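Below is one structure, written out as C-alpha cells; the observations come after it.
The values are calculated or read from the model by the stated rules, or taken from the named source; none is laboratory data. Note that the structure is predicted; figures quoted are calculated from it, not measured. Cβ atoms come from the backbone with ideal geometry, glycine included; neighbour counts cover every protein chain shown.
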C-alpha cells in the first residue's frame, strides 16, 4: 500500500466509525424518546405523590410516607439494590394560625393573603401589632436607620424585574429578602418582617420558602404576602403611613428527627464501581403538593431507570437514582450523600490501587469496592419542556457534552452551556465530578414555586415526559462515552 | 500605503462595522425585550377579546364585535392608517342541540362528550339512530366495504402518535379524519360520522374544527367525541358490536355574509411602499374563547406596533398588521388579502417603472403608489414560549435570517429553520414573498386547540410577551436588513 494512503484510509475508517456510532446513538435515543413519550407511569406516580401523599415538609409524617413510597416504587422495579441513607433533619411546623391583618379600626380590618416563611418562629398567642416600615431593599433599610425601625414591622417590597429571560435570575434578586430579611431587620430592632412573595406572578398566592436566622441576632417572625396584597399594602401605607398590622403565627421548631435519602441502583455491566447519579428531592413545602418542586424531578429520575429497564439498555456504569431528603430546609440529605460519595471515592481509590475488582455480588461487596462518580444530574427546576442542561464541569468536559448536540437538538435540547447545577449535587463538586442540571422552560416555574399553586394539575404529561427523555438520553451518552 | 495592506484594512474596517452594527442591534433588541416583558397591555387586551367578546366564529355577531374592537384598538394607537378590507364569509351555526348518545336500552343511555364538527349539516329533529362501524383509518374503511357500512355511522378512531416531538406532526395525522372523513364514509353509504377528537390530551373535551364536503358526495352529519369517551365507545363496541348510537344536531349553514380583515399600518420612514406584514386571525371556534387560536397571534401582532411606537423605533419600511378574517372555515380573509397584495405589487411595479415616488400623503396616495412585500410573519401556533421561526423562503433568504441567530439566542430563539409558514400568509407565496411563522413550544397547544378549553386562563403572561418580543425583534431585523 502506498504510504500516503495509510493516514487517509485511517481517517476514512475513523470517520466511518464515528458516523456509524452517531447513527446507532441516534437510533437508541429515538427509542428512548418513543418510550418516554408513550408511557405514563411517571405521570400517574406523580399524581399519587402529589394528591395522595401531598405536601412533604421534612420532618413531617407526609415526607416519611413519601420515603416509604419511593422505596417501594424502586423495589417494585427489580433494581439491583434499593436502600435508605439516614440523615437528621429539622422539624418545623407551620401550625394552624397564620394571620396578617391590617387594622384600620375594628370594622374594616383587612386580612392579607400571607403565610409563615419556612423556619420562622411563631408569635405569642396574642400575636404582635406594630406600625410598618416599607423598604425596597437592604440599602433603603440602612438609610432609614434604627430610630425609625425599632419596634416596627419591616416590609420588604422588592418587585420582580421582568426583563430577565431566565426567571431564576429574577428569583435570585427577590429571594434574598425572604432568606436574610429577618436578620437585617432584627439588627435594626424590628419585631417582625413581611416579605413580598418571591414570584413574577401577580395573584393571591403567598409563596413560602426558607429563612436563615443568624445566631447573633434576635429571632423575629416573618411572613410572605401575595403580590396582589403586597401592592394593596403599599397603596394603603401611602394613604395612611401610620397604619398598624397584626401578625399572628403558631409556627414552631421541634427537635430534629431522623429521615432518609432513598437510593436505587441499576449496576453497571462493565464498570459497576463507576456511578452516574441522577436525582431530585422528595421533600417539598407544605402549602402545595410539591409537584414541580420537586415531585417532577424525583419522578423523572425514577423513570430513567424504568426506561433503561424496559428497553433492555444495559449500562456500562452503575445508574444510581438518589431521591434527596431536605432540599428545602437545610440540604441535610445532600450533605449526607456528599459525605458518603467522598468516603466511597477513597475506598475506590484504595481498592483500585490494590489491583481492584469490579465484580459486585451484593451491596456489602459494592461498598467494599468503593465507587467513583462519572457524573451527576439534578432535576429540580420544574417539570416543563426541557431546553437542555447547565453543566458545571471543566471546559473540556463541557465541550465533550456539547459534541452531542446534534443528537439532542431534534428534541428541542439546544442548550448545553457551562453554568451552575443544583444544591443537592453540588456537594460532589470537591470530588471533581461533572455536574449537570436539567434546564426546562423557566417561564411558569415561579408562578407555582413554594405556593399552594404547585399542584399536580399544573403539570403537563408531555412536558414531564420530555424531561424524563432528556435525562435518559443524557445518561445514555454519559454512560457510553464517559467524562 | 502598501498595496497588500489595503484589502486587510478593508476587511478590518468591514469587521468593525459589522461588530458595531451587531452591538447596536443587540442593544435595540434588548430594549424591545424589556418593553415587551414589562408591559401587560396585550395581556389585558387578550383578556377582553376572550372573556368579553368570547368565541368568534366567522359570520357571527361576536366576530363582528371583534372586528370593531380590533379597529378601535388600532385607531387608538395613533397609527398612520387603519382600514377594513371586505370579504365574504360563510355563516354556519352550531345551534342548540348536539347529542351523541349510546342506546343500551332506555334506562342506561350514555351521553358522550361530543360536538358538531364545524360546517356539518344538522340532522332532522328526531335525529338519526344507527349501528356503528369503528375504523382506525381510511384503509380499514375501504377493506370493510360498502356492504358493511351502508346505513351505519362510521367512527374514525385514530389515536395520536405521541412519539412526535412537534405536536403539529401528530395533529396532521389526526385532522384528516375530521376534515375528509365525511366524504370517505358517505361514499360507502354511511349516514353519519363520529371522529375521535384531534388532540394528544386524554380528557372530556371534544375538539371541533372544519369539515370539507365534496360536491360529488351526499352530505352527512359529523361529530367529534372527546378522547376519553372515544375510548369508552371503543370498549362498549367491543363488548356489544351491534350497539346503536343516536345523533342529533341542529347545526345549519346560513347565507354568506360580509366581514373584514382589519389592517393597521405604521408607514415606513424611508420606504413606505415596502411592507412587512404581520398578523394572526381574529375568528375562532365558537365553543372556546379563541385564546391560543388565535387571539394570542392577533394581540402579539398589534403589540409589535405598540412597542415600536413606545420605543420610538422608526421603521424604514411600512409595518402592516393584518388581522385576518375566517382562517378556521375557508380562509376568505387570506384570499382577499392575497388578491390585494397581488394588485398592489403590480401597481408598485408600474409606478417604480415610471420613476416612482415614495412620499405617502394619505391612504389614496399609498394605494396609487402600490406596495411591495419585503416579508410576512404569521403568529398562529399558540401563545406559548417561542423557540424561533419557521421560514418559507429561498435558501439565501433563510441563511440571511439564520445569520441573526446570535442576536436572538439569548432569548431562547434558537430555531430558525426552513419550513412552512401559515395558511393566512401563504397566499403571498406566488409573489415570492419570504414567509415566516412564529414557532412556540407546541407541547400544550392541542390540549386546548378547537375546544372549550382554549380560554384566556390557559395563557401565561410571560409566554405571550415572549412571543410578542420574538415578532418585534424579527420585524426590527427584517426592516433594517431587508430580504
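May I ask you to list the residues in region B:451-462 that are assigned to a loop (DSSP other than H, G, I, E, B) and either closer than 21 Å to residue B:268 by Cβ or within 14 Å of another protein chain (Cβ to nearest Cβ) (or both)?
Of everything in region B:451-462, those that are assigned to a loop (DSSP other than H, G, I, E, B) and either closer than 21 Å to residue B:268 by Cβ or within 14 Å of another protein chain (Cβ to nearest Cβ) (or both) turn out to be B:453, B:459, B:460.
Of the residues in region B:195-226, how many are over 22 Å from residue B:111 (Cβ atoms) and within 14 Å of chain A (Cβ to nearest Cβ)?
Within region B:195-226, residues that are over 22 Å from residue B:111 (Cβ atoms) and within 14 Å of chain A (Cβ to nearest Cβ) number 1.
What number of residues within region A:403-442 are away from chain B (no Cβ under 14 Å), within 22 Å of residue A:28 (Cβ to Cβ) and in contact with a strand residue (DSSP E or B) (Cβ under 7 Å, 6 or more places away or on another chain)?
Within region A:403-442, residues that are away from chain B (no Cβ under 14 Å), within 22 Å of residue A:28 (Cβ to Cβ) and in contact with a strand residue (DSSP E or B) (Cβ under 7 Å, 6 or more places away or on another chain) number 3.
Restricting to region A:402-423, and then to whatever is in contact (Cβ under 8 Å) with a residue 60 or more places away in the chain and assigned to a helix (DSSP H, G or I), can you tell me which residue is surrounded by the fewest Cβ atoms within 10 Å (Cβ to Cβ)?
Checking each candidate, the answer is A:406.
Looking at this structure, is residue A:237 out of contact with any helix residue (DSSP H, G or I) (no Cβ under 8 Å at 6 or more places or on another chain) and crowded, with 24+ Cβ neighbours inside 10 Å? Even if it seems obvious, please write down each step before you answer.
Values: out of contact with any helix residue (DSSP H, G or I) (no Cβ under 8 Å at 6 or more places or on another chain): yes; crowded, with 24+ Cβ neighbours inside 10 Å: no.
No, not satisfied.
So, of the residues in region B:463-483 that are within 13 Å of another protein chain (Cβ to nearest Cβ) and either surrounded by fewer than 24 Cβ atoms within 10 Å (Cβ to Cβ) or in contact with a strand residue (DSSP E or B) (Cβ under 6 Å, 6 or more places away or on another chain) (or both), which turns out to be farthest from residue B:384 (Cα to Cα)?
Here the residue is B:470.
Residue B:455 passes all but one of (1) within 27 Å of residue B:202 (Cα to Cα); (2) in contact with a strand residue (DSSP E or B) (Cβ under 9 Å, 6 or more places away or on another chain); which number fails?
So residue B:455 meets the others, but not (2).
Could we say that residue B:272 is at pLDDT below 95, surrounded by 17 or more Cβ atoms within 10 Å (Cβ to Cβ) and either touching a strand residue (DSSP E or B) at 6+ places or on another chain (Cβ under 6 Å) or outside the structural domain of residue B:190 (by TED's automatic domain parsing) (or both) here?
It is true that residue B:272 is at pLDDT below 95, surrounded by 17 or more Cβ atoms within 10 Å (Cβ to Cβ) and either touching a strand residue (DSSP E or B) at 6+ places or on another chain (Cβ under 6 Å) or outside the structural domain of residue B:190 (by TED's automatic domain parsing) (or both).
Condition check ((1) under 30 Å from residue B:153 (Cα atoms); (2) assigned by TED's automatic domain parsing to the domain that holds residue B:384) across all residues:
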site: B:21; (1), (2): no, no
site: B:24; (1), (2): no, no
site: B:52; (1), (2): no, yes
site: B:71; (1), (2): no, yes
site: B:77; (1), (2): no, yes
site: B:83; (1), (2): no, yes
site: B:114; (1), (2): yes, no
site: B:128; (1), (2): yes, no
site: B:131; (1), (2): yes, no
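Among B:272, B:255, B:241, which is part of a loop (DSSP other than H, G, I, E, B) and at negative phi?
It is B:241.
Condition first: more than 14 Å from every other protein chain (Cβ to nearest Cβ), crowded, with 18+ Cβ neighbours inside 10 Å and at positive phi. Can you find one or more residues in region B:443-450 that meet it?
Looking through region B:443-450, at least one residue is more than 14 Å from every other protein chain (Cβ to nearest Cβ), crowded, with 18+ Cβ neighbours inside 10 Å and at positive phi.
Inspect all residues belonging to region A:247-256 and state whether any of them is within 28 Å of residue A:385 (Cβ to Cβ) and in contact (Cβ under 8 Å) with a residue 60 or more places away in the chain.
As a first pass, look at region A:247-256 and keep what is within 28 Å of residue A:385 (Cβ to Cβ): none.
The answer is no; no qualifying residue exists.
How about region A:379-401: which of its residues are closer than 26 Å to residue A:50 by Cα and in contact (Cβ under 8 Å) with a residue 60 or more places away in the chain?
Residues satisfying the conditions are A:379, A:380, A:381, A:382, A:383, A:384, A:385, A:386, A:388, A:389.
Condition first: closer than 20 Å to residue B:208 by Cα, in contact with a strand residue (DSSP E or B) (Cβ under 7 Å, 6 or more places away or on another chain) and either surrounded by fewer than 24 Cβ atoms within 10 Å (Cβ to Cβ) or not assigned by TED's automatic domain parsing to the domain that holds residue B:61 (or both). Can you find one or more residues in region B:297-311 that meet it?
The answer is no; no qualifying residue exists.
For the structure I just gave you, tell me whether residue B:243 is touching a residue at least 60 places away in the same chain (Cβ under 8 Å), farther than 30 Å from residue B:168 by Cα and assigned by TED's automatic domain parsing to the domain that holds residue B:151.
Spelling it out, residue B:243 is indeed touching a residue at least 60 places away in the same chain (Cβ under 8 Å), farther than 30 Å from residue B:168 by Cα and assigned by TED's automatic domain parsing to the domain that holds residue B:151.
Check region B:313-336 and report whether any residue there is assigned to a loop (DSSP other than H, G, I, E, B), modelled with pLDDT of 95 or more and out of contact with any strand residue (DSSP E or B) (no Cβ under 9 Å at 6 or more places or on another chain).
Kept after step one, since they are assigned to a loop (DSSP other than H, G, I, E, B), are these residues of region B:313-336: B:313-316, B:325-331.
With the extra rule that they be modelled with pLDDT of 95 or more, the set shrinks to B:313-316, B:325-331.
If we keep only those that are out of contact with any strand residue (DSSP E or B) (no Cβ under 9 Å at 6 or more places or on another chain) too, we end up with B:313.
Within region B:313-336 (the criterion being assigned to a loop (DSSP other than H, G, I, E, B), modelled with pLDDT of 95 or more and out of contact with any strand residue (DSSP E or B) (no Cβ under 9 Å at 6 or more places or on another chain)), the answer is yes, since at least one residue qualifies.
Out of the residues in region B:26-43 that are under 14 Å from residue B:409 (Cα atoms) and in contact with a helix residue (DSSP H, G or I) (Cβ under 7 Å, 6 or more places away or on another chain), state the one that is nearest to the other protein chains (Cβ to nearest Cβ).
The extreme case among them is B:33.
Identify, please: which residue in region B:190-202 is in a loop (DSSP other than H, G, I, E, B) and without any contact (Cβ under 8 Å) to a residue 60 or more places away in the chain and is, among those, surrounded by the most Cβ atoms within 10 Å (Cβ to Cβ)?
Of region B:190-202, the ones in a loop (DSSP other than H, G, I, E, B) are B:190-191, B:197-202.
Checking the rest, the ones that are also without any contact (Cβ under 8 Å) to a residue 60 or more places away in the chain come to B:190, B:202.
On the way: B:190: 26, B:202: 15.
Among those that are in a loop (DSSP other than H, G, I, E, B) and without any contact (Cβ under 8 Å) to a residue 60 or more places away in the chain, it is B:190.
Please count how many residues of region A:43-79 are within 26 Å of residue A:118 (Cα to Cα) and either in a helix (DSSP H, G or I) or touching a strand residue (DSSP E or B) at 6+ places or on another chain (Cβ under 8 Å) (or both).
22
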